[in-house]
Every structure is written in C-alpha cells, then in structure tokens.
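Here you go, one structure.
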Amino acid sequence: MANNSEIKLNVQLDKEKVPQKIEWQAADGGVVKPKEAKAFMLSIWDGDENTALRIDLWTKKMMVDEMNDFFFQTMMTMADTYGRATNNTKLVGEMKKFAQEMKTKMETEMQKDQL
C-alpha cells in the first residue's frame, strides 16, 4: 500500500494580491500546527516539458538582510541536494564557493547601505 504525505501552504493576500501572511504545515515533518513564514520558494520539475516551474513569494515583513540569509542558505542546501543526487563533489564545492562569495558581497552591500 502506498503512503501519502501532505505539505500544506496557505497564503493570505492583500487587495493588491501581495502576500500578507504565509503559513505552512507538514505533519509528517513534525509541523502539525500551521507555522508562519516570511518567504518560500517552491521548485517543481515538469518532466513532460523538461522545464522547472517555480513559485517565489515573500511578505512585506521580510527584510533585506533576511532575504540575503534566505538565499545563501537556500544556495548551500541546493548544493547539498545536487551532491546527493549526482555525487558530483567537485561541482558541489564550486557551488558552495559561489554561495560564500555571494554572501560576502551581500554583507558588503548591507554595510554600505548602513553608512
């Protein structure tokens, strides 16, 4: 018998259709009650069309420094996922190096903005 697992996303929009509140829930992952998030990125591979589909949403509460951290951490975990899927450790290292360089540049830009 097949097992099913459900991940729920609920996005509350304002009148301009901008996300006001994002909640997610994944009982099998230990998140039984809805948990609030400021942003999410969802990527789906369409094998029929050979294309990646995506949904990127964030609320007005998401600050630039948080977005920088979100992208850095996402890039690092994408590298890990790519490594598990392909065993291409050389490219994983290059991806992580790129992510580290981006983080340094993001931090430099944030410091400039604060001056």
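The values are calculated or read from the model by the stated rules, or taken from the named source; none is laboratory data. Everything numeric in this text was worked out from a predicted model, so none of it was measured. Heads up, the Cβs are rebuilt from the backbone with ideal geometry, glycines too, and the neighbour counts pull from every protein chain shown. When the accessible area is computed, the model is the full protein with side chains, heavy atoms only, and any ligands, DNA or RNA have been set aside. Shrake-Rupley method; radii C 1.70, N 1.55, O 1.52, S 1.80 Å.
When residues of the range 84-115 are filtered for being open to solvent by 80 Å² or more (accessible area, probe 1.4 Å), at pLDDT 95 or above and not in a helix (DSSP H, G or I), how many remain?
The total comes to 1.
Quickly run through the range 33-44 and pick out the residues that are assigned to a strand (DSSP E or B) and either in contact (Cβ under 8 Å) with a residue 40 or more places away in the chain or of a type in the set (D, E, K, R) (or both).
In the first step, residues of the range 33-44 are kept if they are assigned to a strand (DSSP E or B); the result is 33-37, 39-44.
If the condition is that a residue be assigned to a strand (DSSP E or B) and either in contact (Cβ under 8 Å) with a residue 40 or more places away in the chain or of a type in the set (D, E, K, R) (or both), then LYS33, LYS35, GLU36 are the ones that fit.
Counting just the residues of the range 45-83 that are without any contact (Cβ under 8 Å) to a residue 40 or more places away in the chain and part of a loop (DSSP other than H, G, I, E, B), which one comes out nearest to GLU109 (Cα to Cα)? Give the derivation first.
Kept after step one, since they are without any contact (Cβ under 8 Å) to a residue 40 or more places away in the chain, are these residues of the range 45-83: 45-56, 58, 61-63, 66-67, 69-83.
Okay, now just the ones that are also part of a loop (DSSP other than H, G, I, E, B), so 47-50, 61-63.
Working: GLY47: 38, ASP48: 41, GLU49: 38, ASN50: 36, LYS61: 20, MET62: 17, MET63: 14 Å.
So, considering only residues that are without any contact (Cβ under 8 Å) to a residue 40 or more places away in the chain and part of a loop (DSSP other than H, G, I, E, B), the one nearest to GLU109 (Cα to Cα) is MET63.
Residues in the range 13-32: is at least one in contact (Cβ under 8 Å) with a residue 24 or more places away in the chain, under 21 Å from LYS105 (Cβ atoms) and surrounded by 11 or more Cβ atoms within 10 Å (Cβ to Cβ)?
No, there is no match, as no residue in the range 13-32 is in contact (Cβ under 8 Å) with a residue 24 or more places away in the chain, under 21 Å from LYS105 (Cβ atoms) and surrounded by 11 or more Cβ atoms within 10 Å (Cβ to Cβ).
Taking the stated definitions as given, is LYS60 on the phi > 0 side of the Ramachandran plot, among the charged types (D, E, K, R) and surrounded by fewer than 13 Cβ atoms within 10 Å (Cβ to Cβ)?
Details: on the phi > 0 side of the Ramachandran plot: no; among the charged types (D, E, K, R): yes; surrounded by fewer than 13 Cβ atoms within 10 Å (Cβ to Cβ): yes.
No.
Filtering the range 43-57 down to residues that are within 23 Å of PRO19 (Cα to Cα) and among the hydrophobic types (A, V, I, L, M, F, W, C), which residue is least open to solvent (accessible area, probe 1.4 Å)? Before you say what the answer is, go through the steps one by one.
Step one: of the range 43-57, the residues within 23 Å of PRO19 (Cα to Cα) are 43-44, 52-57.
When the remaining residues are screened for being among the hydrophobic types (A, V, I, L, M, F, W, C), the result is 44, 52-53, 55, 57.
Numbers: ILE44: 86, ALA52: 72, LEU53: 82, ILE55: 80, LEU57: 47 Å².
Among residues in the range 43-57 that are within 23 Å of PRO19 (Cα to Cα) and among the hydrophobic types (A, V, I, L, M, F, W, C), the one least open to solvent (accessible area, probe 1.4 Å) is LEU57.
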